[in-house]
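**Student:** Dumping the structure here so I can ask a few things about it.
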Amino acid sequence: MTESWRPTASIETLRERARLLASVRRFFAARDVLEVETPVLGQGGSTDVHLVSLSTMARTDRGHRRLWLQTSPEFHMKRLLAAGSGPIFQLARSFRDGEVGARHNLEFTMLEWYRPGFTLADLIDETTALVANILPRFHGPVTHYRYRQLFHTHLAVDPFTSSLETLRRLAVEYGQMPARAMAEEGRDTCLDLLMGLVIEPQLGRNELSVVVDYPASQAALARRHQDADGEWVASRFELYLNGIELANGYDELTDAAEQRARFMEDNAERRRLGLPEVDMDEHLLAALEHGMPEGAGVALGIDRLVQLALGKARLEDVLSFSTPNC
Amino acid sequence: MANYSTNEFKGGLKVMLDGDPCSIIENELVKPGKGQAFNRVKLRNLMTGRVGERTFKSGDSLEGADVMELEMEYLYNDSEMWYFMKTDGSFEQYAVEKKALGETEKWLKEQVPYTVTLWNDNAIHVAPPNFIELEVVETDPGLKGDTAQGGSKPATLSSGAVVRVPLFINEGEVLKIDTRSGEYVSRA
């Protein structure tokens, strides 16, 4: 008899998981952050070139139409902010096609929260406080790094000023791939490879590593600003522990016109790469048009945090059923 | 052959890489923060046996390799080619080159089943069974009264392999050998 019907997490682990989720809820209740639930389906999806959205056809009051499974609850939550919700959080089921592995599952739980009036620095403090709350045995320091500084330290190159040839050469070397594999690739692809393969495994060793000042081209839905060196960077942070990326936070873009332009740029890039275009979320754009309060928001992979809290080797060890046995 | 995309790479899948058939051992998704995803893949080159790593952009694909592993009995050799026969009742024979035989040459015995790897219907690798029984054709005389403990001595087996055996073993005895370590296990 096959045993594939069995849960991938033990029942004991699921009890621990429930206990940790309860403490997440207590953390936000104590700070007067409202828990919300938003739809998994939306009329628009994420245009992000590096995310693959799932979609489904559904019969709605406006006929048979495509609905997108959300890659994060961001758009719906921003619409709540624009409607005057104040600070909100959600434990939201999210979907990213093709992402399956030791640290990825096609559907996963995102802890996402928004803080009107917060600066990025305020939100970094709150995020590290939450992680410390969930990992009471973790006593390491919180160390801040600039993206540029990490590349100087680990690879002796500058992500902003080193030549594309230099970045391609390093990517090919560390990726153990033939030169032709990167010959057509731009700076961001080279930087992503080096970040993922070389730098990330070094982050969060006996500390919580906070990375800021990402290149402006990697801003997604964050504002952009000029850093101390005069480079345009994304107003965005990432949090790492044990080489695992836990959270990604933004000083949120609130400009509807700029948001529309970025969606269109994404879809133009999708056409160029032969990828399917994704419907822009017109509701989100209308909400930004109406006015969303300035503030910061962050998405944290709660399954990974539970995995770290319980010392499990693979994400599936903390999921009732992982995608391969769903 | 079909093409396989990085998200279909899993342990045991046979693909073509740089002109050689390879077997995928491990496939790890690497996705930094918000950016492009990659797959770090560990593969064994089936021609050389060497294990290497290669990073692919997620969504890249490789051509599948027409590789099969079949059980075949060793028949004989004419010192240029070594001949094996399928054990599925078809009596179909394959000629194997010395290069494909590799280390397995010293573990050959008629009528023993081997695992032969075929690529495009050509034998590229022959794996012996984990344990094989072979006769000692040459060794120093056995020592009377010597027991299992104590020293060892070299013995040449009927297949040509030389293994370390206990001092009490004599010529003409049949021994069970572990082909993975090349070590004596017991008298057969």
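**Student:** Calculate, for region A:64-132, the solvent-accessible area per residue in square angstrom, rolling a 1.4 angstrom probe over the heavy atoms of the protein chains.
**Tutor:** Value returned for region A:64-132: 33 Å² of accessible area per residue.
**Student:** Quick check: residue separation of B:I25 and B:N122 times 0.36 nm, minus the Cα distance between them. What number comes out in nm?
**Tutor:** Gain on extension, B:I25 to B:N122, equals 32.7 nm.
**Student:** Find the centroid of the Cα atoms in region A:128-200 and in region A:92-110, then give the distance between the two in whole Å.
**Tutor:** Value for the Cα centre distance between the two parts: 22 Å.
**Student:** Within 10 Å, at most 10 other Cβ atoms, and a DSSP state outside H, G, I, E, B define an exposed site. Report the longest part of chain A free of exposed trypsin sites (Lys or Arg not before Pro).
**Tutor:** With a cap of 10 other Cβ atoms within 10 Å, the longest stretch comes to A:138-326.
**Student:** Just A:A83, A:A299, A:A228 to compare: in a GNM of chain A, with alpha carbon springs under 10 Å, which one fluctuates most?
**Tutor:** A:A228
**Student:** Could I ask something else about it? Would you mind getting me the FRET efficiency between B:R164 and A:T153? Use the beta-carbon distance for r and R0 = 51 Å, nearest 0.05.
**Tutor:** Step by step, r from the Cβ atoms, then E = 0.50.
**Student:** Gaussian network model of chain A, Cα springs within a sub-10 Å range: biggest mean-square fluctuation belongs to which of A:G117, A:G274, A:G44?
**Tutor:** Comparing A:G117, A:G274, A:G44 in a Gaussian network model of chain A, the most mobile one is A:G274.
**Student:** Something else about it: Once you put a point 7 Å from the Cα of A:R180 and another 7 Å from the Cα of A:S163, both along the Cβ direction, what distance in nm separates them?
**Tutor:** 2.3
**Student:** While we're on this one: Among A:L120, A:L155, A:L203, which one moves the most in a GNM of chain A with springs linking Cα atoms closer than 10 Å?
**Tutor:** Maximum fluctuation in the GNM of chain A, among the listed residues, is at A:L155.
**Student:** Could you tally the net charge around A:E16, taking each other residue with its Cβ under 12 Å from the Cβ of A:E16, Lys/Arg +1 and Asp/Glu -1?
**Tutor:** That sum, taken over residues with Cβ under 12 Å, equals +2.
**Student:** Then there's this: Exactly which chymotrypsin sites (Phe, Trp or Tyr not before Pro) in region B:1-99 are in a DSSP loop and have at most 15 other Cβ atoms within 10 Å?
**Tutor:** B:F91
**Student:** For region B:6-106, which trypsin sites (Lys or Arg not before Pro) are both in a DSSP coil and crowded by at most 16 other Cβ atoms within 10 Å?
**Tutor:** Loop-located and lightly packed - B:K10, B:R50.
**Student:** Related question: Please compute the modelled spin-label separation between A:H225 and B:K42, points set 7 Å along Cα→Cβ, answer in nm with one decimal.
**Tutor:** Those two pseudo-labels are separated by 4.4 nm.
**Student:** A further question on this structure: Can you pull the mean other chain C-beta count within 10 Å for peptide A:93-99?
**Tutor:** Mean partner shielding for this stretch: 2.
**Student:** Longer than 29 Å from Cα to Cα, which of B:K86/B:K176; B:K98/B:K176; B:K42/B:K153; B:K14/B:K98; A:K78/B:K34; B:K109/B:K153 are they? Say none if no pair is.
**Tutor:** B:K42/B:K153
**Student:** Can I ask one more? Apply the Karplus curve 6.51 cos²θ - 1.76 cosθ + 1.60, θ = phi - 60°, to the phi angles in region B:21-35 and return the couplings in whole Hz, x for Gly and Pro.
**Tutor:** Per residue, the Karplus-derived 3J(HN,Hα) values read x, 10, 10, 6, 9, 9, 9, 10, 7, 10, 9, x, x, 9, x Hz.
**Student:** Report the GluC sites (Glu not before Pro) located in region A:156-217 that are in a DSSP loop and have at most 10 other Cβ atoms inside 10 Å of their Cβ, or state none.
**Tutor:** Within region A:156-217, the qualifying GluC sites (Glu not before Pro) (loop, at most 10 other Cβ atoms within 10 Å) are A:E184.
**Student:** May I ask you to derive the FRET efficiency for B:K98 and A:A286 from their Cβ-Cβ distance with R0 = 60 Å, giving the value to the nearest 0.05?
**Tutor:** 0.20
**Student:** Taking Cα pairs under 8 Å and at least six residues apart, what relative contact order does region B:7-88 come out at, in percent?
**Tutor:** Value for region B:7-88: 23 percent.
**Student:** With runs of 4+ DSSP H residues as the only contributors, calculate the mean residue ellipticity of chain B at 222 nm using -39,500 (n - 2.57) per run, divided by the residue total and rounded to the nearest 500.
**Tutor:** About -500 deg cm²/dmol.
The values are calculated or read from the model by the stated rules, or taken from the named source; none is laboratory data. Being a predicted model, the structure only gives us computed values, none of them experimental. Heads up, the Cβs are rebuilt from the backbone with ideal geometry, glycines too, and the neighbour counts pull from every protein chain shown. Ligands, DNA and RNA are excluded from the accessible area calculation, which covers all protein heavy atoms including side chains. Shrake-Rupley method; radii C 1.70, N 1.55, O 1.52, S 1.80 Å.
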